[in-house]
Amino acid sequence: MGLLAIAAIGGPALVGLDPAKQSLLHTLESPSLAHPLGTDNLGRDMAARLLSGAQLSLSLAFLSVITAGLPGTLLGVAAAWFGGWPDRLLGAFADAVLALPGLLLVLMLAAISPGSWWALYAGISLTLWVEYFRYTRQRARIVLAEPSVEASKLLGLGPWLLIQRHLLPEIGPGLLTIAAFGAATAVTAVAALGFVSVGIRPPTAEWGVMMTELLPYWREAPFLILQPVACLVLTVLALHLFVGGTRRS
């Protein structure tokens, strides 16, 4: 996770090469001192393009998780806190969103604005927030009904103190788990949509787009197409292992 964070923050600047610079005299080259991971079919440096793809995918995943997590958590707490018709209204709205498949929603937005990152970002965020809402509402109902919370209310503690002392410690680990899985889902969705030419479009350096561009050359240079695949697998694996480590701790 630390290496992925460094790759996302530093991007192509870590190798000092332009991911879009072409050199048709140096196509499909093996790794060398000038190009540590080789070059693609247009002579572009693979290391710079992989780092640029990491920057794009992880940044979009982080923004999607934050954008979905904050409103989903707040609405879940509000539904459990007030109950009654606010709870029923928010629950019905969440069910309506779930009735529309998340992938279909992303594809619809991508069709409206082809090749735009904001369409992927909006579609993924609109899909992920329901998980935060449903988990938070369920856990908050249980926590808010506990005798310790009732005693805190009788002592005159305000809503923020109740949330801070009783609710956040209970829902925090679960929210972190959902966030990690949501980030992995976002990274996979971006790569999958790029691979089928629905999401990010060339010449943008994105792992799914890179797989599509390098697929015709898998016989001549199989090590090239394996690189974006390995980046995607390691990213998803790291996020899942992060969740496992959090649960054990």
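Tell me which of these F93 doesn't satisfy, since it passes every other one: (1) in contact with a helix residue (DSSP H, G or I) (Cβ under 8 Å, 6 or more places away or on another chain); (2) closer than 27 Å to L176 by Cβ.
Going through the list (1) in contact with a helix residue (DSSP H, G or I) (Cβ under 8 Å, 6 or more places away or on another chain); (2) closer than 27 Å to L176 by Cβ, F93 breaks only (1).
Scan region 183-224 residue by residue and report those that are in contact (Cβ under 8 Å) with a residue 24 or more places away in the chain, polar (S, T, N, Q) and either in contact with a helix residue (DSSP H, G or I) (Cβ under 6 Å, 6 or more places away or on another chain) or open to solvent by less than 70 Å² (accessible area, probe 1.4 Å) (or both).
T188, T204
Of all the residues that make up region 61-81, how many are open to solvent by 10 Å² or more (accessible area, probe 1.4 Å) and over 19 Å from E170 (Cα atoms)?
5
Hey, can you tell me all the residues within region 163-208 that are in contact with an Asp or Glu (Cβ under 8 Å, 6 or more places away or on another chain), modelled with pLDDT of 85 or more and either on the phi > 0 side of the Ramachandran plot or of a type in the set (A, V, I, L, M, F, W, C) (or both)?
The answer is I178, V190, A191.
Look through region 101-110, keep the residues that are in contact (Cβ under 8 Å) with a residue 24 or more places away in the chain and hydrophobic (A, V, I, L, M, F, W, C), and return whichever of them is most open to solvent (accessible area, probe 1.4 Å).
Within region 101-110, the match that is most open to solvent (accessible area, probe 1.4 Å) is L103.
Which condition from (1) open to solvent by less than 60 Å² (accessible area, probe 1.4 Å); (2) part of a loop (DSSP other than H, G, I, E, B); (3) out of contact with any Pro (no Cβ under 9 Å at 6 or more places or on another chain) is the one that A179 breaks?
(2)
Residues A80, A54: which one is touching a residue at least 60 places away in the same chain (Cβ under 8 Å) and within 30 Å of Q227 (Cβ to Cβ)?
Answer to the selection: A54.
Being buried (at least 16 other Cβ atoms within 10 Å of the Cβ), free of Cβ contacts under 8 Å to residues at least 60 places away in the same chain and closer than 11 Å to L51 by Cβ is the filter here; which residues of region 13-41 pass it?
If the condition is that a residue be buried (at least 16 other Cβ atoms within 10 Å of the Cβ), free of Cβ contacts under 8 Å to residues at least 60 places away in the same chain and closer than 11 Å to L51 by Cβ, then V15, L17 are the ones that fit.
If you check E146 against the conditions, is it in contact with a Gly (Cβ under 8 Å, 6 or more places away or on another chain), touching a residue at least 12 places away in the same chain (Cβ under 8 Å), open to solvent by 50 Å² or more (accessible area, probe 1.4 Å) and over 19 Å from A54 (Cα atoms)?
No: the conditions fail for E146.
The values are calculated or read from the model by the stated rules, or taken from the named source; none is laboratory data. Being a predicted model, the structure only gives us computed values, none of them experimental. Please note: Cβ atoms are built from the backbone with ideal geometry, for glycine as well, and neighbour counts cover all protein chains shown. Protein only, heavy atoms only, side chains kept; ligands, DNA and RNA dropped before computing areas. Shrake-Rupley method; radii C 1.70, N 1.55, O 1.52, S 1.80 Å.
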